[in-house]
Amino acid sequence: MAKKFVARYFYTASGKFEGETTEGWFWNKKKKKVQVPTERLADYDNFCQSVESIYNDLDSEGYDVVNIIPLAIGASEPNHAKLKDGSSTYLGDAGFSVTRGAVIVGKLRTS
């Protein structure tokens, strides 16, 4: 007999954004686009594929999705102010969270 409720989860890695770097010497500098990893983003392509895969698996097993619980990671970054004399002073940390995964709950279909 199948369970009435099931739970599946997934977790994705840190994301990347497109940044620019400079290569070459002073007279021959060229800008190059690179993928820069950051803790401020998740790999949302993988995130979407994971959600889709779990939804389709649950549906094929006869379950309806009844709840999605996001898995968020909290982090912080220090903030500094630049003063008129060129020095900087610490202002404190700015907190943020990134949704990196989810728990998806399915309920067995009745008829």
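The values are calculated or read from the model by the stated rules, or taken from the named source; none is laboratory data. Just so you know, these numbers come straight off a predicted model, no measurement behind them. Reconstructed Cβ throughout: ideal geometry from the backbone, glycine too, with neighbour counts over all protein chains shown.
Numbers below:
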quantity: Whichever residue in region 89-107 is in contact with a Lys or Arg (Cβ under 8 Å, 6 or more places away or on another chain) and at pLDDT below 90 and, among such residues, is surrounded by the most Cβ atoms within 10 Å (Cβ to Cβ); calculated: 98
quantity: Given (1) outside any strand (DSSP E or B); (2) surrounded by 11 or more Cβ atoms within 10 Å (Cβ to Cβ), number of the condition residue 85 does not satisfy; calculated: (2)
quantity: Residue 64 vs. criteria of a type in the set (D, E, K, R) and assigned to a helix (DSSP H, G or I); calculated: no
quantity: Verdict on residue 31 being in a strand (DSSP E or B), touching an Asp or Glu at 6+ places or on another chain (Cβ under 9 Å) and free of Cβ contacts under 8 Å to residues at least 12 places away in the same chain; calculated: yes
quantity: Enumeration of residues in region 3-16 that are assigned to a strand (DSSP E or B) and either exposed (fewer than 13 other Cβ atoms within 10 Å of the Cβ) or not β-branched (Val, Ile, Thr) (or both); calculated: 5, 7, 8, 9, 10, 11, 14, 15, 16
quantity: Identity of the residue in region 23-52, at pLDDT 90 or above and touching a strand residue (DSSP E or B) at 6+ places or on another chain (Cβ under 8 Å), that ends up surrounded by the fewest Cβ atoms within 10 Å (Cβ to Cβ); calculated: 51
quantity: Qualifying position, being assigned to a strand (DSSP E or B) and under 14 Å from the mean Cα position of the chain (by Cα), among 106, 19, 92, 74; calculated: 74
